[in-house]
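Student: I am attaching a structure below and will ask some questions about it afterwards.
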Amino acid sequence: MLIKRRRGWEIAESAATAEAVFHGRRRLVKALAAGPLLLGVAGALARAATAMADEADPSAGLYPAKQNPKYTVKLPLTPEEIATKYNNFYEYGSHKEIARAAQELKVRPWTVKIDGMVEKPMEVGIDDLLKAMPLEERVYRLRCVEAWSMKVPWSGFPMKALVDYAKPLSSARYVEMFTFVDTKMAPGQRSFWYPWPYNEGLTIAEATNELAFMVTGLYGKPVPKQNGAPLRLAVPWKYGFKSAKSLVRFTFTDKRPKSFWEQLQGSEYGFWANVNPQVPHPRWSQAMETDIGTQEKIPTLLFNGYAEYVADIYKGLEKERLWA
Ligand code: MTE
């Protein structure tokens, strides 16, 4: 008999909904309690309503998505508290504790633009896109170029579904992705020495590989702002910097995109960035990594353990800098 066991981090659909409602209610109660002293009841109500409208995520009811058992990892998963508090998101600072600052990110309305070498350029609202895409949950490893790693349950949809939706021309060879630009909402973007917006690129073969995943959720809930809400990439066989966050635009092109990090430091960060323990970063070894959940040092695997899915893509490309 098949028994569905609930994993430690996993919450039931009813609990997820209850949680959203619970927080909403708590905010309302809090605002009401503080309100009369400051503003009067009417003001407090208006303030609470605005706060709730700002923060309520209309996609919350879509999670948890159905787990795809094909994509899983050896447990334990990284605790949610760690994966959502230890982040790289330079739009909010060049250190790891950006979770609080990232709450300034406004994720609705959110429009995604698809352009370049496609049958018909288009713009689509994130909630319409979510309706059109097949949502599922996958547990993936993420290996950062800085030699730390985590194992998390992403929700989202295969990037191939987005490519099919976009209808690229047969002459398109790459897809370039861009993060939003808004210096008011993202103070890190006021640092003029970075080449904003954050951008990344994949070949069409990579983007349509079964592992390439567009993330919209994490731990059975909408993906938190600090982890790249409302739409980010997960390409687990590549270093984490390829998995660009908070995407607003996908451009199909026949020219190889030069990514944010490649523009900044091309000698250290290239286009391919596939994980390889035997090819050191110019300033450190990539042989081992620290699991941010357990703090254990573990050996890094070729293609981060995903060689069986992706190695074929790179046949005939051995002259390329595949590992940087
Ligand atoms: N995307 C944007 N827009 N800005 C960033 O600074 N950092 C990248 C990637 N995507 C980054 C980004 C890096 S270096 C890593 S390792 C991962 O996001 C980290 O994802 P996480 O914070 O969800 O662990």
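Student: Based on alpha-carbon positions alone, could you give the equivalent ellipsoid semi-axes of region 73-314 from the gyration tensor, as √(5λ), descending, whole Å?
Tutor: So the equivalent ellipsoid measures 25, 21, 19 Å along its semi-axes.
Student: In nanometres, what is the gap between the two model label sites at TYR309 and LEU75, each 7 Å from Cα along Cα-to-Cβ?
Tutor: Going by the 7 Å Cα→Cβ label model, 2.1 nm.
Student: Once you wrap a convex hull around the alpha carbon atoms of region 259-324, what is its projected area averaged over all directions, in nm²?
Tutor: With the hull built on Cα positions only, its mean projection is 5.4 nm².
Student: For region 258-308 and region 170-241, what is the separation of their Cα centres, given in Å?
Tutor: The distance from the Cα centre of region 258-308 to that of region 170-241 comes to 17 Å.
Student: With every protein chain present, what is the per residue accessible area of region 88-171 (1.4 Å probe, Å²)?
Tutor: 44
Student: Consider a paramagnetic label point 7 Å from the Cα of SER267 along Cα→Cβ; state which residues of region 283-323 have an amide N under 11 Å from it.
Tutor: Taking a point 7 Å out along Cα→Cβ of SER267, the residues of region 283-323 whose backbone N falls under 11 Å are 283.
Student: Calculate, in nm to one decimal, what ARG190 and ILE204 gain on full extension: separation in residues at 0.36 nm each, minus their alpha carbon distance.
Tutor: Taking ARG190 through ILE204 to full extension adds about 1.8 nm, to one decimal.
Student: How many percent of the alpha carbon pairs in region 76-141 exceed a separation of 20 Å?
Tutor: That fraction is 56 percent.
Student: With viscosity set to 1.002 mPa s and temperature to 20 °C, compute the Stokes-Einstein D of region 52-187, Rh being the Kirkwood radius across alpha carbon pairs; µm²/s, no decimals.
Tutor: This corresponds to a translational diffusion coefficient of 122 µm²/s.
Student: Grab region 211-324 and count how many Lys pairs have their alpha-carbon atoms under 17 Å apart, sequence gap of 8 or more, or different chains.
Tutor: 6
Student: Same structure again: Using the Cα atoms of region 160-255, I'd like the radius of gyration and the largest Cα-Cα distance, Dmax, both in angstrom.
Tutor: Considering region 160-255 through its Cα atoms, Rg and Dmax are 13.9, 39 Å.
Student: Treating the beta-carbon of each Lys and Arg as +1 and of each Asp and Glu as -1, no other charges, what is the dipole magnitude of region 73-314 about its Cα centre, to the nearest 20 debye?
Tutor: 380
Student: Additional query: Can you list the HN-Hα couplings for region 183-199, worked out from phi with the Karplus curve (6.51, -1.76, 1.60; θ = phi - 60°), rounded to whole Hz and with x for Gly and Pro?
Tutor: In residue order, the calculated couplings are 5, 6, 7, 10, x, x, 6, 7, 6, 5, 7, 9, x, 4, x, 4, 9 Hz.
Student: How much FRET efficiency would the formula 1/(1 + (r/R0)^6) give for ASP128 and ILE82, where r is the Cβ-Cβ distance and R0 is 35 Å, rounded to 0.05?
Tutor: 0.60
Student: Next question. When the chain is fully extended, how far beyond the present Cα-Cα distance does LYS96 get from GLN295, taking 0.36 nm per residue of separation?
Tutor: 70.1 nm
The values are calculated or read from the model by the stated rules, or taken from the named source; none is laboratory data. Predicted model, so just to flag it, every value in this text is computed and none were measured. All Cβ positions, glycine included, derive from the backbone under ideal geometry; neighbour counts span all protein chains shown. Surface areas here come from the heavy atoms of the whole protein model, side chains and all, with no ligands, DNA or RNA. Shrake-Rupley method; radii C 1.70, N 1.55, O 1.52, S 1.80 Å.
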